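Read the structure below first, then the notes.
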Amino acid sequence: MLWLLVLQLKSVTMKVDEKKRSITVAPFECAWDEEFQFREAGRGCITFEASAHNDVTLVFRQQPGSQHYHYKMDNSRHYTVILGSHRNKRLKIEVDGKTVVDVAGIGLCCSSSFQSYWISIYDGLISIGQGRHPNNNILFQWLDPDPNQNVRYVGLSSWDKHVGYRNISLMPSAPQNSILWSQIECAYVEQDGAGGHTRKEESKDGLDQRALANFLENWDFSDAIFVVGSERKVVPAHKVVLGSCGDFPFNLMSRPAIELPSVSYPVLHSLLEYIYTGSTQISEWQLISLLELSSQFKVKPLVMCCEEIISCLKMSDTVSESSKKLQLSSSGSQAHQFDYFPFKAPLNAEKIEQFLVNGEHSDVNIYVNGHGLVTHAHKLILSLWSVTFDKMFTNGMKESSSSNVFFDDVPAEAFFLLIQFMYSGELKVDTKEITPVLVELLLLSDQFGITALQFDCCKRIMEFLSEHGDMTVTSEERVLDAILTWCMEGCDCFNWTSVHELLSTSRPEKLFGGRLTAINTLLPFVRFPLMQPSVLQLMEKSNLAENIEVFRQLLVSILHRKSTIDYLLDHRLQKPLNSLMRDYVWQQIHDGDNNGIIYYAGTSFGKHQWINPVLAKNITVTASSPNSRYTDPKALVSKNYQLMCNYYTVRQDGSTTFMRSWVLQGSMDGWSWTSLRVHEDDQTICQPGQFVSWPITGPSALLPFRFFRVMLTGPATGVSNTWNLCICFLELYGYFR
């Protein structure tokens, strides 16, 4: 059924729906309301949606006007912002009736639908953007040399056609990370181990990590601005970056704006580009200006580079007014443990590390609940290392605009080492032994997606283990024994049965000492489902289960699941499952591994090296459409075997046709299908060649099937071939017989 809502405009010139906060403004009129005012004069932000043919007009003044107010007739001080002026072709800013900005093709209106906008005013800095979140998608910024500090009320106006406004919201001057923004609230970040605000899954799904060059003239985390040239162009920057390579007068200014009226924008751009990227280009005739600017701010590497080029030009008698482009690059290098340390010359890494020590230019305070303040940090630096931090500070939630961020269930000492690593590129742990802090740091580096630190932690642990024990892992029992031995700090190797005996006469606090908490962290990494049921039953009755709650809970969960599977199959197939469980358990370890049933079928179930199981006729593949380079919906058929699937992996082929809605199904006869996992608008696959895995949960994970298929239920992305299933790899895991 299709419902159609019709709005009828009568003689009433303005209609306000308080519930939905929607307003329709008639031509040449203006809507005012007591709610449409800033909390602080001269500082505020309005977000709204508008629908109009042209001239979405907002007026900012000290007092509210009347319904028939028009900014053209106003003699008092005010700002006017017009989106879609000149028949929806230009953006204009007027000050007291005089046009100060008139640019083409920016912020145009739309009459067929509502579009989101935001406008912020902060001490004369007018920022205009699209979208629901302030400081995102900035369209234009202009700084008033004589700020009107009294503007408070906002009027919603029009020109010669009706303008619709809705979802109107006023807030403090809140473009995130805006200049001189006073933080008004603390963010509370809950770490739940399953993602939460850390968004661990997103950090591993192919999202690109930003480099320092991405922040060149970017308003994200900016805390300083340059006002350059006679046109007073506003250029954002970051104190922590500028302060690491030069002497910029931040502490001498009442506001973080560096006025450069005699400097042209291309010269300033070259200076910043050199600082943020290590190289730049500039016209030969502007080289002297760049030298003067870099000398003013004591960017010594660039000064030396400019002087060297000028000296060469003098020797070759080159004409100084040439428009030839010159390349300037930093020749300095700084040795670091990892090649992708984000701070390279001309930035001084020692200064950046010192900023962590003294808290200079910091914009975020890191707290751990139960411990207090961990350190004063910089959002830019944390975001360069971690996609998780980047998303945390730019997702429009509380932590994006707060200077205080709190974490739960995070070890404070390891968390500080994690942050310290992001400033120095070095793991500052003196001991070469495997300490609880090192293990906690390894888990944190994985949680926050800091690959370099994760690599360093693993390297230290592997080096220690290779020197002090046998690294061969033949069973999960050996993994458990290794964990217990390490937690007991023993020189000799212990197995779980000997620890069981020791616990009959000793308490866990005495046996494991300071590493008792670490055992609770490490035990969940043991793959208990791969152990023999008889061994698990013995463990359940041991002193380990009686004295260590995590150990007991893991065993109870596994044994309950195994008994449920036994019961279902004993009643469905009239056959016990114990032999199946002992010999054929296939568990997913990582994307694209060799632990799946399809790979095993390619070895004829362990008889020879892998060959394509389709060629060996161990698996049959059919498609719903003729063969092509695309892998259309397929049915993978095993001849005389059954699988209870609890995990599956696919890999995107080389195309950008990503599936979004599909279903994995299983069947015993090839006719009647059961859905194992349904995906609806799943955005996980986003890169060619990407591996992705999903668990199968619920009752369907306990049922055996011989046939499996992947079937599209909606079109894939792209402009063509949207009903082709473009995958080049499929693997299944679970209990097999």
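The values are calculated or read from the model by the stated rules, or taken from the named source; none is laboratory data. As the structure is a computational prediction, the values presented were derived from the model and not from experiment. In this analysis, Cβ positions are derived from the backbone assuming ideal geometry, glycine residues included, and neighbour counts consider all displayed protein chains.
Of the residues Phe250, Phe338, Phe355, which single one is in contact with a helix residue (DSSP H, G or I) (Cβ under 7 Å, 6 or more places away or on another chain), under 27 Å from Ile450 (Cβ atoms) and at pLDDT below 90?
Phe338
I'd like the residue in the range 113-158 that is assigned to a loop (DSSP other than H, G, I, E, B) and of a type in the set (Gly, Ala, Ser) and, out of all such residues, is nearest to Glu94 (Cα to Cα).
It comes out as Gly124.
Condition first: closer than 12 Å to Arg706 by Cβ and in a loop (DSSP other than H, G, I, E, B). Now tell me which residues in the range 639-655 satisfy that.
Scanning the range 639-655 gives Lys639, Asn640, Tyr641, Gln642.
Residue by residue through the range 267-285, note down the ones that are surrounded by 17 or more Cβ atoms within 10 Å (Cβ to Cβ) and either over 34 Å from the mean Cα position of the chain (by Cα) or over 25 Å from Pro342 (Cα atoms) (or both).
Ile282, Ser283, Glu284
Please find, within the range 677-719, the residue that is farthest from the chain's Cα centre (by Cα) out of those that are more than 19 Å from Tyr647 (Cα to Cα) and without any contact (Cβ under 8 Å) to a residue 40 or more places away in the chain.
Among those residues, the one meeting the criterion is Val719.
How many residues are surrounded by fewer than 22 Cβ atoms within 10 Å (Cβ to Cβ) and under 35 Å from the mean Cα position of the chain (by Cα) when one looks only at the range 47-73?
3
In this structure, is Leu108 free of Cβ contacts under 8 Å to residues at least 60 places away in the same chain, in the same structural domain as Asp74 (by TED's automatic domain parsing) and not in a loop (DSSP other than H, G, I, E, B)?
No.
I'm checking my understanding of the structure. Among residues of the range 286-318 that are out of contact with any Cys (no Cβ under 9 Å at 6 or more places or on another chain) and among the polar types (S, T, N, Q), which one is surrounded by the most Cβ atoms within 10 Å (Cβ to Cβ)?
Once the filter is applied, the top-ranked residue is Ser289.
How about the range 275-324: which of its residues are at pLDDT 85 or above and outside any helix (DSSP H, G or I)?
Gly278, Ser279, Thr280, Gln281, Ile282, Ser283, Phe297, Lys298, Val299
Restricting the search to the range 666-694, which residues are farther than 27 Å from Ser655 by Cα, surrounded by 14 or more Cβ atoms within 10 Å (Cβ to Cβ) and aromatic (Phe, Trp, Tyr)?
Within the range 666-694, just Trp673 meets the criteria.
From Ser85, Ser112, Ser76, grab the single residue that is within 15 Å of Val56 (Cβ to Cβ), exposed (fewer than 15 other Cβ atoms within 10 Å of the Cβ) and hydroxyl-bearing (Ser, Thr, Tyr).
One residue alone meets the criteria, Ser112.
Looking only at the range 17-46, how many residues end up being modelled with pLDDT under 85 and surrounded by 14 or more Cβ atoms within 10 Å (Cβ to Cβ)?
Total meeting the criteria: 2.
With the condition kept exactly as written, say whether any residue in the range 237-249 is touching a residue at least 40 places away in the same chain (Cβ under 8 Å), in a loop (DSSP other than H, G, I, E, B) and in contact with a His (Cβ under 7 Å, 6 or more places away or on another chain).
yes
More than 35 Å from the chain's Cα centre (by Cα), more than 22 Å from Trp142 (Cα to Cα) and not acidic (Asp, Glu): is that true of Arg77 in this structure?
In short, no.
Taking helices (runs of 4 or more DSSP H) that do not extend beyond the range 368-452, which have at least 3 residues that are farther than 30 Å from Asn137 by Cβ, outside the structural domain of Glu489 (by TED's automatic domain parsing) and in contact with a strand residue (DSSP E or B) (Cβ under 7 Å, 6 or more places away or on another chain)?
Hits in the range 368-452: 412-424.
Among the candidates Arg152, Arg166, which residue alone is on the phi < 0 side of the Ramachandran plot, touching a Phe, Trp or Tyr at 6+ places or on another chain (Cβ under 8 Å) and at pLDDT 90 or above?
Arg152
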